[in-house]
Every structure is written in structure tokens, then in C-alpha cells.
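Notes follow once the structure below has been shown.
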Amino acid sequence: MRIYLVGGAVRDKLLQRPVADRDYVVVGARPEELIEAGYKPVGSDFPVFLHPESGEEYALARTERKSGRGYHGFTFHAEPTVTLEQDLIRRDLTINAMAEDADGALVDPFGGAADLEARVLRHVSPAFAEDPVRVLRVARFAARYAPLGFRVARETMALMQRMTADGEIDHLVPERVWAETRKALREPQPSAFLQVLRQAGALRVLFPEIDALYGVPQRAEYHPEIDTGVHVELVVDMAARLAPGDDLVGFCALVHDLGKARTPEAEWPRHIMHEQRGTEPVRALAKRLKLPTDYRDLGLLVCREHLHAHRALQLKPKTVLGLLDKLDALRRPQRLETFLTACEADARGRTGHADDAYPQADFLRAARAAAVTVTAAPFIEQGLQGPAIGEAMQRARTRAIAEVEKPATA
């Protein structure tokens, strides 16, 4: 029995990045031997065990064979005769197909260390094409490592383009698409995720609502980048900068302008009513990918209301209160924070505007703080009942918001 550290832990050690999870491959052993040693078996697809003390995953070296379409179309073979190299060759990228033995020596049969040095994301073998999830994974790794200068190898991109053309991408299940997308939105440069998928032809298959934004022009005086697709790339990257690791903010940033793809060409580059036009594609995307309710709901709110946030300093107090009510911000302040961060990402996700101030956010926070001080108790003491209490509270909250001092730049 020989045990090797494999995959991401080896990769991140070589990149001198923090190692989050450690996975191990066991060569030359049978399941019974690990069970006798105290390892706990998990999973039904192939033999994976948890270490009795550390809880880390130890998998028997295995090979796999394509047996059907899509992510689940594989059969696995795990025997003591399977070698480490046979196990590593089934992995997606060369930078993930390295191992480290018990003495710390690197085992690198496919040139992963050289690709790390060259900043290249390259597939290990033609078997890459058998698993469509790998297209998403490459795009996600691009989002993680683009700030370090990584790029997708030309031959790997060509392979992913063939996978899309062959219809393999069509067999991805919604849950897996969303899982990989969430991870990508937590990375430092989510725009690379969109760019890789688009270049591979997979964006129009998996996210047609987003793909449709490319080539749609905007008014240059507000959007120097002009192309709406490019704007969304800038916005998701700004969201990652403002709220690192927050995929809810990232999702809201991703879908905030979907309505611009619905603008009739005769109206370009103006996009009147794009907030309302965007709700249908947000709902369609959320339904297709089976998104959690809070992602759908906040995505819709940002889509519909982001222009109100941008104009907050010019809005009437009653309109400001209406916005806070739509967000349920008085009861759920975190909702307001998510909304404001996504709106700030939109405002600053424009060429030449990355360092702009966004005083609207602090004003709306102050407006909420003023409104929340108004309670029902005084009106009940005055003898008001039923709907009259709510109406009086709304009037009082509107007055409280009117007294909030606006920034001098307003």
C-alpha cells in the first residue's frame, strides 16, 4: 500500500497558495484493508474512505471508462493493480494531475509543474472530452487563476469547442452547472469564466440570456466600454472585488442587465425599460438552473431596481421608502447590503469608473436607519387601529427619510 497526496493540494503548494483540502490516492490496496485499518467508507460510485483521525479523503487508485452521455456516464475500476499514473491520467488538467509521495517527492508524469510555470491550463488526455463538467471546471479555474496570468491552452480550447459542437454540453444537469457557476462567482475574476465559456461556444448553450448581451451597444457617455457583455464582465469582477467570495452578490451582478438583450435594435444604444424587460430572462435562468429562492428574488430586485439605487440622491423620500419596502430592508438589513453592493458594482463596473465613489449606498443605509426608528407604539397610544397604524407609520417614515442629510456631492 502506497499513499500519495494528489490534486489541488499539490498544485497550490507549488503555487505557494494556501492549501484548503488534502486528498489522497491509495495504490496497491483493497477496500477491506482500509476498513481494517479504521478508515470509514463513503460514497457508492467508487471506493473513497475517510481517515479515522483527520477525516481527510483517501480514494483507491482507479480507472474510468465512458459508458454513456453526460456527467454520470462512467464506470469505474479500482483494483490493487491500478497504478498512480493510470489514476492521474483520468484527471482534467495537467496542473491537477500531480502527486506527492510520503517523502514529499513530486510525481508529475504529465508536465503539470511546467504548465504551472508557464501559466497554462491544459487537458491531460483526450479522455477530457468524455466529461462535459470539465468545460465548466476549466472556466472556473480560469476565473481563479486569471489574475496570475493563466490562459487556456489552444488545443484544450479547441477540444472544448468540439465538445460543444458534438452536443456533450447539452447533457449537463442544472444542479452541476449552478454548482460550478457559484464557485466561479466566488473567484477573484469571474469574467474569465464567461470569456472561456463564450470562446468554447458553451455560454450560448448554458447561459443564452448572458450570451445575448454581447454585441448589444450602450450609450458611450455612460458606458465607455459600449458592449453590454463587456459591461457585465466588468461588473462581476467589481462585485468580486467589493464582496470577495460572495456568490449572491456575484449572481445579482451577473443578471442585472439581462433586459438590455430584449431592447429592440431600433432603440439602440438607449435601453429604456430594460429593468422591466430583464425580469423574464432572470426568471427563466433561475427556473432552468433550479436556483435557490433567495438568489432568484434578489437577482430580480437588482434587475428591477438598480436604477433607483443609482438615482437615490434625487428620489423623493416617499420613493426611497418604497424602494426600502420592496427590498424588505427594514426587517432584513442584509438584503439591503447585498442589493447595494451589486448596484455599486454596476456603477463602478464601467471603463474608467472603477474608482468612482458611490455615495448612494451610504444615503440609502442612513435612510433605512431613519425609517426603522419609527415604530407602531406611539400610534397605538394615540388610539389608531388597523390599517390606520400602518398608514401613519409610512407618513412618519417618509418624514424621517426627508430629514436625512444627503452628501455634499448630491
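The values are calculated or read from the model by the stated rules, or taken from the named source; none is laboratory data. No experiment lies behind these values; they were computed from the predicted model shown. We place every Cβ from the backbone using ideal geometry, glycine too, and count neighbours over all the protein chains shown. Just the protein is used for accessible areas: all its heavy atoms, side chains included, with ligands, DNA and RNA removed. Shrake-Rupley method; radii C 1.70, N 1.55, O 1.52, S 1.80 Å.
Computed values, structure above
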{"read-out": "Leading residue by the ranking (most open to solvent (accessible area, probe 1.4 Å)) among those in the range 288-346 that are touching a Leu at 6+ places or on another chain (Cβ under 8 Å) and charged (D, E, K, R)", "value": "LYS326"}
{"read-out": "Answer from ARG140, ARG241 - the residue that is over 15 Å from ASP257 (Cβ atoms), open to solvent by 30 Å² or more (accessible area, probe 1.4 Å) and in a helix (DSSP H, G or I)", "value": "ARG241"}
{"read-out": "Residue match in the range 386-402 (condition: open to solvent by 30 Å² or more (accessible area, probe 1.4 Å), more than 30 Å from TYR222 (Cα to Cα), among the charged types (D, E, K, R) and at pLDDT below 95)", "value": "no"}
{"read-out": "Among the candidates LEU298, LEU285, LEU324, residue that is of a type in the set (A, V, I, L, M), in a helix (DSSP H, G or I) and within 15 Å of GLN394 (Cα to Cα)", "value": "LEU324"}
{"read-out": "Residues of the range 107-123 satisfying the condition of being open to solvent by 20 Å² or more (accessible area, probe 1.4 Å) and over 18 Å from VAL196 (Cα atoms)", "value": "VAL107, ASP108, PRO109, PHE110, GLY111, ALA113, ALA114, GLU117, ALA118"}
{"read-out": "Yes/no for VAL230 being touching a helix residue (DSSP H, G or I) at 6+ places or on another chain (Cβ under 7 Å) and at pLDDT 95 or above", "value": "no"}
{"read-out": "Residue within the range 357-375 that is within 24 Å of the chain's Cα centre (by Cα) and in a loop (DSSP other than H, G, I, E, B) present", "value": "yes"}
{"read-out": "Filtered residue count, the range 104-136, keeping only those that are under 15 Å from ALA9 (Cα atoms) and part of a loop (DSSP other than H, G, I, E, B)", "value": "3"}
